[in-house]
Amino acid sequence: MPDLEVLDGVSLELQKGELACLLGPSGCGKTTLLRIVAGLEGADGGEVVLEGGEAGGKVSQVGMVFQQSALFPWRSALRNVSFGLEMRRGRGRKEAEERARELLRLVGLAGFERHYPRELSGGMLQRAAIARSLAVEPEVLLMDEPFGSLDAQARNSLQEFLVELWEKTGLTILFVTHNVDEAVFLGGRVFALTARPARVHRVYEIPLKRPRDRTSPGFVGIRREILAYLAEQGGPQGG
């Protein structure tokens, strides 16, 4: 079976402290690109550079939130968030759990430290997953459709939460989504990929002030423009 070419000379640059979205047709390679940036997969060519150094092998610089929360079901929310810290040399369990408590407060889960994943809602699971990624103090946070499985109300609530978190922390965030409404609400810029093998075809600047009004003419106009582009690339995407 011939090798499947997924990406074709993808080139993009994020500014420090930017919240940007990656959007494209289903199956075009968005998740693959994120995994390469995270150092979880290799690439046939090119490089990923963070602050002058390659990301590969420097996992502490990059945190990743997956489509599913992937929390350990046998560990409480507190112990899930503290896990990465406990694995680091020089961090005792007590110190790790104190930091985990701070992060759970930051993501709005104070009071749920002792709850297990089965006792948390979908939105709470994703908040805990974000806290776990923040525990290793990443310079870049990669998010692979983390809200895709949630209902519309929970999804909108977490989008608002993520913007507030980004404003508080100044993190650099690259957010993958299939949902155009989500991309326009979150992103300062939206990188639109072509169909596979993917390349960056267009970068949409989103000049809307925050908090963003999804019903405003500016928001609706940008959303319509991106939907039209995606329809040309292989079918319209959700939202």
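Miscellaneous remarks
- When the charge dipole of the chain is built from unit charges on Cβ atoms (+1 for Lys and Arg, -1 for Asp and Glu) and taken about the Cα centre, the candidate among Pro138, Ser121, Gly42 whose Cα reaches farthest toward its positive end is Ser121.
- Per residue, the convex hull spanned by the alpha carbons of the stretch 96-224 comes to 132 Å³.
- Relative contact order (percent, whole number), the stretch 63-220, Cα cutoff 8 Å, 6+ residue spacing: 22 percent
- Ranked by the mean number of other Cβ atoms within 10 Å per residue, highest first, peptides 31-40, 68-77 order as 31-40, 68-77.
- Couplings 3J(HN,Hα) for the stretch 185-194, derived from phi with the Karplus relation 6.51 cos²θ - 1.76 cosθ + 1.60 (θ = phi - 60°), are 5, 8, x, x, 9, 10, 8, 9, 8, 7 Hz, where x marks Gly and Pro.
- Charge dipole magnitude, Cβ of K and R +1, D and E -1 - the stretch 129-203, Cα centre, debye nearest 20: 380 debye
- Inter-part distance, the stretch 203-234 to the stretch 87-133, computed on C-alpha centroids, equals 34 Å.
- Relative counts (whole %) of C-alpha pair distances in the chain, using bins that are 5 Å wide: 1, 6, 14, 17, 19, 16, 12, 8, 4, 1, 0
- Magnitude of the charge dipole for the chain, about its Cα centre and with charges confined to Cβ atoms of Lys, Arg (+1) and Asp, Glu (-1), is about 800 debye.
- Environment charge of Gly45, counting only residues whose C-beta is closer than 12 Å and scoring Lys/Arg +1, Asp/Glu -1: -4
Values in this text are rule-based calculations from the coordinates and carry no lab data. Note that this is a predicted model, so its numbers are computed, not measured. Neighbour counts run over all protein chains shown; Cβ positions are idealised from the backbone, glycine included.
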